[in-house]
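The values are calculated or read from the model by the stated rules, or taken from the named source; none is laboratory data. Here the structure is a predicted model, which means the values were calculated and not measured. Methodologically, a virtual Cβ is constructed for each residue, glycine included, from the backbone with ideal geometry; neighbour enumeration extends over all protein chains shown.
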Amino acid sequence: MAKIVTVYTSRHRDFSLVDMSYIRWLKISEALAKCGHQVDIATNESSWRQQKSPILMGQDLRRVPLSEVRWNDYDVVKTLFHGGFDTLETYGGKDHPFVISKLGSVVGPEDMKGIYFYGERREQLYSTQKKINQTSTYITVLNESAKELWTTCFGPRDNILIVPGAVDLYVPPPSQDPYPRDHRTRCIFAGNVYSQNSQPEANAVLIDKLNKLGQFLSGHGARLYMLGPGDVRQIDQRYVTYLGVVSYEEAWNYFHFAHIGVVVAAGKFMHNNESSKIYHYLRVGLPVVSESGFPNDHIIIESKLGFVVENGNLELMAQKIEEITHEDWDRDYAINYILENHTWYKRVEMYNEIIKENLALPEIA
């Protein structure tokens, strides 16, 4: 087995699963531990001032104070997102001999269509990518589009891994219905809509689309609900009900008791940043209606549980949502498709192989 430390943010923040970045951080770490490795999650929680020892989270899985990490104690350092590599550099670990750097979205040297980071922010991210390209042992991206952009920017590489998003193998069963008691079709959009400090252009587009879709749905006997973080001050409460931010555990009930999962995009297409909510909707057999343009929207078609509609045609989305409620869907087929192809355990198989190969580790019985 290898000793692995996973690194993301240096922010003083509780380790709570309320957005996808933290969820992926934990789930990848958990799955690596299930492979038999010893995994530490290096956090900068304020509770470390009182907590004097690592926090055990499962077999071979702990949370440890970021400030106390001795990088040479680990065989592998795995960073998550641009911020993870920045954190590693700040805390003196970027020269570790085996760093795997995972990115959620790859940016180019100039503002580009389909990539919703602009100006100074995009330049900061690109600067981090240049450092990753120079120092990391492996670079992980979500899809082929991201790999092609990386190659265009930095030249051909044989150390780029494609590891898309995923979802849990086991999820909590349905328990209490969290929705209001009425006869309307429940449509859920679950995800981060960003803010004025983080992708303000994307925030404006997403909120506008949700408001318009909610208005169209109101004429089809349906109600749109939004669950997740971000700046929601411009949400039109006549047509969209904001549910706030809940824990990852609680969120599953919103998926179990919804009728339709909704996906809208921050623009005409997403160059290389996929939609993680698609995996989660399908995991519980929730039919999905999505705007086209996401690199992973093909799994809606492959799972045979929903529609992908023309980007920007929110009226058509509303029509498809009404249509979807009248069809007899094979939800079990979709769930099995996800379990066979898109769990976190499927994703870490590649990591497990390269770690064993590079460290010459024996097979674990």
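Below, the figures for the structure above:
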quantity	calculated
Residue in region 56-66 that is within 29 Å of S275 (Cβ to Cβ) and at pLDDT below 95 present	yes
Conditions (1) under 20 Å from the mean Cα position of the chain (by Cα); (2) within 21 Å of A265 (Cα to Cα): number failed by K346	(2)
Subset of region 281-293 (residues that are closer than 11 Å to V309 by Cα and either part of a loop (DSSP other than H, G, I, E, B) or out of contact with any strand residue (DSSP E or B) (no Cβ under 7 Å at 6 or more places or on another chain) (or both))	S292, G293
Members of region 161-197 found to be more than 19 Å from the chain's Cα centre (by Cα), buried (at least 19 other Cβ atoms within 10 Å of the Cβ) and of a type in the set (V, I, T), listed by number	none
Pair list, Cβ < 6 Å and 6+ apart or interchain, from region 32-58 residues that are touching a residue at least 60 places away in the same chain (Cβ under 8 Å) to residues that are surrounded by 13 or more Cβ atoms within 10 Å (Cβ to Cβ) and part of a loop (DSSP other than H, G, I, E, B)	G36/M1; H37/M1; H37/A2
Count of residues meeting criterion [of a type in the set (S, T, N, Q) and free of Cβ contacts under 8 Å to residues at least 24 places away in the same chain] in region 316-339	1
Set D208, D231: member being at pLDDT 95 or above, surrounded by fewer than 20 Cβ atoms within 10 Å (Cβ to Cβ), touching a Ser or Thr at 6+ places or on another chain (Cβ under 6 Å) and of a type outside the set (K, R)	D231
Some residue of region 24-40 being assigned to a loop (DSSP other than H, G, I, E, B) and buried (at least 19 other Cβ atoms within 10 Å of the Cβ)	yes
Flag if Y91 is under 30 Å from Y281 (Cβ atoms), aromatic (F, W, Y) and surrounded by fewer than 22 Cβ atoms within 10 Å (Cβ to Cβ)	no
Pairs where the first residue, in region 120-146, is closer than 28 Å to D297 by Cα and the second is among the hydroxyl-bearing types (S, T, Y), C-beta under 6 Å, 6+ apart	I139/S101
Residue count, region 83-105 (criterion: more than 23 Å from M20 (Cβ to Cβ) and in a loop (DSSP other than H, G, I, E, B))	8
Members of region 90-114 that are under 18 Å from the mean Cα position of the chain (by Cα) and under 22 Å from R157 (Cα atoms)	I100, S101, K102, L103, G104, S105, V106, V107
